[in-house]
Amino acid sequence: MLNLIKKDFLLAFSSKSTLIFIILYVPFILFTIGTDNKFIGSLMIYTFVYMLTTISFGYDAQVKTHILLQSLPIRKRDIVISKYLSIFINYTIGFVITGSYLWIIKLLGFIDVDTFNLSLVESTLPIILLSLSISLPSLFRLPPKIANIINMFIYIGIMNFVIIPFSQYGNLLNGLGLPIIAVIVYFLSMGISLWLYETRDFV
Amino acid sequence: MLEIKNVSKNFEKFKLNDISFNLESGYIMGFIGPNGAGKSTTIKLIMNLLKKDSGEIKIFGKDHIDFEREVKNRIGFVYDESYFYEDLTINQMKNIIAPFYKNWDEKMFSKYIKDFNLDYTQKIKKLSKGMKMKFSLATALSHNADLIIMDEPTSGLDPIFRREILDILYSVIQDENKSIFFSTHITTDLEKVADYITFINNGEIVFSKSKDEVLESYGVVKGGKDLLDGDTRKEFIGIRETNVGFEGLAENPQRLKKIFGSEILIERPTLEDIMIYSVRR
């Protein structure tokens, strides 16, 4: 399982496009959204974790790398569970990298995003869990190209209909039990993905 | 070592129908058939990339799904095309693959990389098809696999590369605990190295026999067109007629020799003859 998580990291950080993404995602969001919006910190973490978690599926669309993975001595169950566990690791990395990036920008005297603090964990983690729990079953089952298109719609949809409104109604949603709902959906999604992946034909 | 028993798989437009064959330790089995006959489907079923509808697949005497991890630890798989992460270098790709194998042998991998003139720092996408195949072979042979499964490894390669790969396979098989299952439609490759031939056509196994038995039990019969009538035609698996005569493939050609005597000429067939005439049937 650890080897699978390590594989995703090696893959992500060996790729030039991922490195360019890591360098550019903070300035890109700052310049396109602006620093006035309360949701900017959430959006940065959300974007980072979502991309890092789903990036390895992108390779499947290009060269069917899932066939390589299936020939290795790995249980399909481990492939699914490791992906769900990696959300938490990616979240931690995303939080640290985004925080460090913003801190450096502030130190250099460019922009001060004062809405980025530890309390963001409470609001962003359930949304990220929920969002990836919706995405992952399709990525585990559908042909890679179709799954990647669906995945993009889910990312944009969650950003527009959850992240942005959440900055205003966050307390209300948390009060309605969003974290508990996210955890339930997370485990349900993992079960569905396990079933979908274990019964999938890799044509 | 590899036991396929009554395996079936249905697709919308194709059916793999109740196939069975065995591969023992220490041998190379060639798996032949035209494009679309079911070779890759069979290999994908063995590797659990596809779910079988019925039947049994045992590798090293164990069910290939119940003991998937254990079984795959002892299989070296070489693909018909490159499924590696193209942006990575050979070394990075090796670092991804190696930790999954219990018996990964770094020294052996380095030896193959050196023998194959590959460069650790070269990106996979920069490798030629032949080099990618060599890299694939190097990874398949560097974890002490007992069974090497190869899906069309020589297709699209020039004769020199193909010969090199066949030589490597031949050296691997010197260890009698190892076996190779090798699908191809380039049958001349198999005539050089295979011990057994399994022929699949339209999703059904036509035969699975030792190569010598196959080549001895068939014959290419040549003769004048006047010898062909409704009854004699039935003796042939396939016939090709020209203006001057006919050429056909027959099982047990000695029987025809008794009927036609010196009017016919019987030649030893190649695997390609057997495949072509059986498909044309």
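The values are calculated or read from the model by the stated rules, or taken from the named source; none is laboratory data. No experiment lies behind these values; they were computed from the predicted model shown. As a convention, Cβ positions derive from the backbone with ideal geometry for all residues, glycine included, and neighbour counts pool all protein chains shown. What goes into the accessible areas is simple: the full protein's heavy atoms, side chains included, and nothing from ligands, DNA or RNA. Shrake-Rupley method; radii C 1.70, N 1.55, O 1.52, S 1.80 Å.
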Here region A:197-202 yields Karplus 3J(HN,Hα) values (6.51, -1.76, 1.60; θ = phi - 60°; whole Hz; Gly and Pro given as x) of 6, 5, 9, 7, 9, 8
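Extension gain residue A:181-residue A:20, at 0.36 nm per residue separation less the Cα-Cα distance, in nm? Kindly include the intermediate steps, with their values, before the conclusion.
Details: separation 161, 0.36 × 161 = 57.96 nm, distance 3.44 nm.
Here the segment from residue A:181 to residue A:20 would lengthen by 54.5 nm.
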Scoring region B:57-191 by relative contact order with C-alpha pairs under 8 Å, at least six apart, yields a percentage of 29
For residue B:104 the rounded accessible area (nearest 10 Å², probe 1.4 Å, non-protein molecules ignored) is 50
Summed over the other residues with a beta carbon less than 12 angstrom from that of residue B:176, with K and R at +1 and D and E at -1, the charge totals -3
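So what is the calculated 222 nm ellipticity per residue for the protein assembly as shown, using -39500 (n - 2.57) for each DSSP H run with n of 4 or more, over all residues, to the nearest 500 deg cm²/dmol? Don't skip to the end; give the middle numbers.
Numbers: 20 runs with 258 residues, N = 484.
Here the helix-only value at 222 nm equals -17000 deg cm²/dmol.
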Going residue by residue through region B:183-196, the Karplus relation 6.51 cos²θ - 1.76 cosθ + 1.60 with θ = phi - 60° gives ³J(HN,Hα) values, rounded to whole Hz and with x marking Gly or Pro, of 8, 6, 10, 8, 5, 4, 4, 6, 4, 7, 10, 6, 9, 10
The aspartates and glutamates whose Cα lies under 17 Å from the Cα of residue A:106, excluding any fewer than 8 residues away in the same chain, are A:36, A:114
The percentage of Cα-Cα pairs in region B:1-146 separated by more than 22 Å is 47
Tilt, helix A:76-107 to longest principal axis of chain A (alpha-carbon atoms), in degrees rounded to tens, equals 20
If one compares the long axis through the Cα atoms of helix B:271-280 with the longest principal axis of the Cα atoms of chain B, the angle in degrees, nearest 10, works out at 70
Reported to the nearest 10 Å², residue B:49 has, with a 1.4 Å probe, an accessible area equal to 0
For residue B:78, other-chain or 5+-apart residues with amide H closer than 5 Å (H placed, Pro excluded) are B:149, B:150, B:151
In whole µm²/s, the translational diffusion coefficient that Stokes-Einstein assigns to the protein assembly as shown, given a Kirkwood hydrodynamic radius over C-alpha pairs, 4 °C and 1.567 mPa s, equals 50
With all protein chains present and a 1.4 Å probe, the order of B:220, A:185 from largest accessible area down is A:185, B:220
So, with points 7 Å from each Cα along the Cβ direction, the residue A:13-residue B:226 label distance in nm works out to 8.4
Helix A:164-175: inclination vs chain A longest Cα principal axis, degrees, rounded to 10, gives 80
In this structure, the FRET efficiency calculated for residue A:110 and residue B:106 from their beta-carbon separation, with R0 = 56 Å, to the nearest 0.05, is 0.75
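Whenever you get a sec, line up A:17, B:25, A:135 from highest to lowest accessible area (probe 1.4 Å, protein heavy atoms).
Working: A:17 80, B:25 55, A:135 0 Å².
Per-residue accessible area, sorted high to low, gives A:17, B:25, A:135.
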Distance in Å, no decimals, from the C-alpha centre of region A:105-158 to the one of region B:221-281 is 69
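At a Förster distance of 41 Å, what's the computed FRET efficiency of residue B:8 paired with residue B:234, Cβ-Cβ distance as r, to 0.05?
Numbers: r = 30 Å, r/R0 = 0.73.
Approximately 0.85, to the nearest 0.05.
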Along region B:165-172, Karplus-curve 3J(HN,Hα) (6.51, -1.76, 1.60; θ = phi - 60°) to the nearest Hz, with x for Gly and Pro, reads 5, 5, 5, 4, 4, 5, 6, 4
For residue B:188, the accessible surface traced by a 1.4 Å probe with all protein chains present amounts, in square angstrom to the nearest 10, to 60
The distance between the Cα centres of region A:1-74 and region B:143-181, in whole Å, is 37
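Over 31 Å between Cα atoms, which of A:7/B:52; B:58/B:222; B:58/B:125; B:44/B:192 qualify? Could you put the intermediate results ahead of the total?
Numbers: A:7/B:52 29 Å; B:58/B:222 43 Å; B:58/B:125 36 Å; B:44/B:192 26 Å.
Pairs exceeding 31 Å: B:58/B:222; B:58/B:125.
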FRET efficiency (residue B:67, residue A:156; Cβ distance; R0 41 Å; to 0.05) is 0.40
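For chain A, give the percent of accessible area contributed by carbon and sulfur heavy atoms, probe 1.4 Å, rounded to a whole number. Display every interim value, and only then the final one.
Values: 6910 of 9580 Å².
Carbon and sulfur together cover 72 percent of it.
Within a Cβ distance under 15 Å of residue B:216, other residues only, what is the Lys/Arg minus Asp/Glu net charge?
Its environment carries a net charge of -2.
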